[in-house]
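J.: Next up is a structure, given as C-alpha cells.
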C-alpha cells in the first residue's frame, strides 16, 4: 500500500511539474512550491541513481535543486524541465554505455540471458547492437534538447523535454521488437508477456538484474 502511494505521488509530481514550474516563473509566490517539487524530483533521481539516500549524492539530490530554485528562481525555473530530462537521459545513457566496456556484459544481453539462458553468438551480437542503440538514443535526447533550447521556440522545447522522450522511447522499443520478430524468426522469441514478467521481477528484486 505504501509503495503504491509513493508511486502515485511520484507520477503526480512528474505530471504536474511543467505547470508548477511555469506558474512559479510567472508568480514568485509559488517559488516555495516549486522548490518542494524540485526537491522531490531530486529525491527520486538520487534514489534511482544510488538506491541509497545515505550517500552524499542522495542528500545533494534533495538539497541542491531546492536551493537553486529558492536562491535563483528565474534562471533555474526557466531551464529546470531540461535539467531534469537531461539528468534522466544521462543516467540511462551511462547505464547502457558502461555495459559496453570490454569484458562487461551488455545490458540487453544480460536481460536476454535471464529470459532464455545462454545466447548463441548471433544473438549476442544483436543484443550488443541493441544496447548501443539505447545508449545512442538517450544521448541523442540530450543533444536534441540542447539544440532546441538554443534554436527553437520555448514552447516547442518545453513540449519536447516534458512530453516527447517517453513516447519516443516506447516507439523505439516497439520498432525494435517488430524488427526482431521479423528478422530473427529462426531464434526463440520473447513475447511481450515475457518482458512484462521480467519487468515485474526487476521491480521486486533489482539487485538480481545487475550484470
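Please treat every number below as a calculation from the coordinates, not as lab data. The structure displayed is predicted, hence computed values, not measured ones. Here Cβ is always computed from backbone atoms with ideal geometry, including for glycine, and neighbour counts include all displayed protein chains.
J.: To the nearest 0.05, what FRET efficiency results for residue 36 and residue 83 with a Förster distance of 25 Å applied to their C-beta separation?
T.: 0.90
J.: Going by the alpha-carbon gyration tensor, a ≥ b ≥ c the square roots of its eigenvalues, is the stretch 63-154 rounded (a/c under 1.5) or, if a/c is not under 1.5, prolate (a/b greater than b/c) versus oblate?
T.: The shape class here is prolate.
J.: Starting from 0.36 nm per residue, how many nanometres of slack lie between residue 181 and residue 133 once their C-alpha separation is accounted for?
T.: 15.6 nm
J.: Now, a different point. In nm, what is the difference between 0.36 nm times the number of residues separating residue 103 and residue 143 and their Cα-Cα distance?
T.: 11.5 nm
J.: Within 10 Å, count the other beta carbons around each residue, average over each peptide in 136-145, 174-183, 118-127, 32-41, and list them highest first.
T.: Most protected by this proxy first, the peptides run 32-41, 136-145, 118-127, 174-183.
J.: How big is the Rg/Rh ratio for the stretch 114-155, C-alpha atoms only, Rh by Kirkwood, two decimals?
T.: Rg divided by Rh gives 1.32.
J.: Here's something else I'd like to know. Report the calculated FRET efficiency for residue 27 and residue 159 (r = Cβ-Cβ distance, R0 = 25 Å), to the nearest 0.05.
T.: 0.70
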